[in-house]
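What follows is one structure encoded as structure tokens, with my remarks underneath.
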Amino acid sequence: MIQGIGAAAGVAIGKAFVLPAWEWDVPDRRMEKVDLAKEFERLYEGIRTSKTEIEFMKNEIKETVGVAESSIFDAHIAILEDPVFMSEIQGIIERQYKAAEVAVKEAIDHFVTMFDLLDDEYMKERALDIKDVGNRLLKHLLGTPEITLPSDTQPYILVAKELSPSQLVHLNPENVLGMVTMAGGKTSHSAIMARALGIPLVSGLENKLTKPLQTGDLLVIDGDDGRLYLDPEQEIIDRYTEIAEKQRRRKEQLQLLASVEAVTRDGYRMRLAGNISSVKDFEQAIKYGAQGVGLFRTEFLYMDRPAFPTEDEQFEVYRQIVEKADGHPVVIRTLDIGGDKQLEYFTIPEEENPVLGYRGIRISLDSKELFKTQLTAILRASVYGQIKILLPMVSSLEELKRAKGFVEEAKRELSDRGLPYSDEVEVGVMIEVPAAAAIADLLAREADFFSIGTNDLVQYVLAVDRMNEKIAHMYNSYHPAVLRMLRQTVSAAKEAGIPVSVCGEMAGDEKALPIWLHLGVDTLSMSPQSLLRVKHRILNSSLKEAEEEGRYCYGLSTSEEIEAELTRYLGKDPVLGR
């Protein structure tokens, strides 16, 4: 057994197909000065072709993995437009009289080496994006075809030193049983896409193999525990065959729960909604039994385009989603850009700490017309169903009051234009900043509902960047400080008589269910893939017992004790578990 990193859950048994490295030898070719213009034109044509190709791939994969995951390719386009990267290439051509492909190769090597030297796993993984984009550009400059995957339909386990998003686009999930990479980890783009595609992935096997894997090797991979077995004994094959069969049956049995309401054994009903980024995402959430939308991330409507979407464009998307919700609530979060979500056509000044910078409601309140365009589109769609407006990154009562003032302005403008809207649209606050949790009682007097965004709340409460591998182990949703913030928020909502939901990753974590039942959370909103697992857990839970468990956890002192206790309580699923 070889221990790696479990980057995408699941088990796979099959023969390996080893993907050759997507790299080319580039001769160090110099030119005469008079050829500079020609080389620059070749470079710019290669960039244009590469950008077109990346846009095509993004649209191709969007239908399969969803809008959020396909936005990985925005980072690739940004590299081709990055002035530092481009100036490095142009400088090599201009100062050293080297061919465009030589300059691109040297620039790739320079930046990859620089990122690899950083003591930060996240930045090391971003070096793969540089290589991916650079190699695509090299492909066009050299006129070399890409490495292709097997053309037959025989399923295989894909093995590579590293996998780029560009290579993953062309995967047929029906033929790929699993994937193994020497480099990478849980935050790599290949891991994100593997999880979206439902393909098991074991990463981080560099220097752990006694001999290189060969095409045709029989492998067993365990994407949950990060294990790889090369030429396994029959006992291992039999054991993992049984595990894989249990997982297959679990998926089938869970799907039967799609139309069943999430009610505990003693009759407590909880609404499960979907976190979505597009109409396509919502269709998948409905398939898994979502009762409406708990979080519509509207920023993805603003991405992958040259300018802000118009009111009519936004209205059409909101209308479609509300109609598909069939009477269930649709919570639409207003534009939440800034931090790690940037728009090409809206420049945010460079910030030392963008996660704590100009983002979310701060941008909307500064950009009145931009904000009101979105609000009028949302309000127009409200006549087709039950819409709620959710404000991101609120940290003060003043921000909430100003935002509600803009909502009223948008209503008056629609009335002046003779356009209908519902006057029952609720305005809620996303509790994701510690300041908001600390003044939850004040916000609850003005807000119609709360939605707790646990991802950022945990990050801010613990002062831990969850993308920084050096301190990622300190990011723990079950830290007593986090649980206290949650209790304070829910208590304030209950006292004010407003509903409270959870829409962060913690909502989709089965272990957390006793916490939510103890606190009295009304709705859990999560990725479509988590809905059926959480519903199954609710159906097999007792409200009374879960409340007792949650109360007990609040008496514990450390995150390790709390998480261990919740894991023990979750236990082993006797019917569908592993």
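Can you name the helices (runs of 4 or more DSSP H) wholly within region 1-119 that have at least 3 residues being surrounded by 17 or more Cβ atoms within 10 Å (Cβ to Cβ) and modelled with pLDDT of 85 or more?
Result: 36-65, 83-96, 100-117.
Among the residues of region 336-352, is there at least one that is of a type in the set (Asp, Glu) and closer than 17 Å to ASN455 by Cβ?
Our first condition is that a residue be of a type in the set (Asp, Glu); within region 336-352, this holds for 336, 340, 344, 350-352.
Now restrict to residues that are closer than 17 Å to ASN455 by Cβ: 336, 340.
Yes, that holds for at least one residue.
Please find, within region 411-455, the residue that is nearest to the chain's Cα centre (by Cα) out of those that are in a helix (DSSP H, G or I) and surrounded by 22 or more Cβ atoms within 10 Å (Cβ to Cβ). Reasoning before the result, please.
First, the residues of region 411-455 that are in a helix (DSSP H, G or I): 411-417, 434-438, 440-446, 454-455.
This time we only want the ones that are surrounded by 22 or more Cβ atoms within 10 Å (Cβ to Cβ), so: 436-437, 440, 443-444, 454.
Numbers: ALA436: 24, ALA437: 24, ALA440: 27, LEU443: 28, ALA444: 29, THR454: 14 Å.
Residue satisfying both the conditions and the ranking: THR454.
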Single residue of region 560-574 satisfying the filter (exposed (fewer than 11 other Cβ atoms within 10 Å of the Cβ) and assigned to a loop (DSSP other than H, G, I, E, B)) that is modelled with the lowest pLDDT: PRO574
Odd one out for MET506, checked against (1) at pLDDT below 95; (2) not in a helix (DSSP H, G or I): (2)
Members of region 145-188 that are out of contact with any strand residue (DSSP E or B) (no Cβ under 9 Å at 6 or more places or on another chain) and modelled with pLDDT of 70 or more: ASN172, PRO173, GLU174
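Quick one: in region 280-303, which of the residues that are under 15 Å from LYS324 (Cβ atoms) and modelled with pLDDT under 90 is surrounded by the most Cβ atoms within 10 Å (Cβ to Cβ)? Explain how you work it out, then say what you get.
Within region 280-303, the first condition is being under 15 Å from LYS324 (Cβ atoms), and the residues that meet it are 280-294, 296.
Now restrict to residues that are modelled with pLDDT under 90: 280-281, 284.
Numbers: LYS280: 15, ASP281: 23, GLN284: 17.
In this case the residue turns out to be ASP281.
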Given (1) β-branched (Val, Ile, Thr); (2) over 26 Å from PRO155 (Cβ atoms); (3) not assigned by TED's automatic domain parsing to the domain that holds SER542, index of the condition ILE221 fails: (2)
Given (1) assigned to a helix (DSSP H, G or I); (2) surrounded by fewer than 17 Cβ atoms within 10 Å (Cβ to Cβ), number of the condition ILE348 does not satisfy: (1)
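Please list, ordered by residue number, the strands (runs of 3 or more DSSP E) wholly in region 193-285 having 3 or more residues that are of a type in the set (A, V, I, L, M, F, W, C) and in contact (Cβ under 8 Å) with a residue 24 or more places away in the chain.
Qualifying strands (runs of 3 or more DSSP E): 218-222, 271-276.
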Condition met for PRO499 (touching a strand residue (DSSP E or B) at 6+ places or on another chain (Cβ under 6 Å), touching a residue at least 12 places away in the same chain (Cβ under 8 Å), under 27 Å from ILE276 (Cα atoms) and surrounded by fewer than 22 Cβ atoms within 10 Å (Cβ to Cβ)): no
Region 304-344: number of residues that are in a loop (DSSP other than H, G, I, E, B), at pLDDT below 90 and touching a helix residue (DSSP H, G or I) at 6+ places or on another chain (Cβ under 6 Å): 2
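The values are calculated or read from the model by the stated rules, or taken from the named source; none is laboratory data. None of these values were measured; they are calculated from a predicted model. Because the Cβ atoms are built from the backbone with ideal geometry, glycine has one as well, and the counts that use them run over all protein chains shown.
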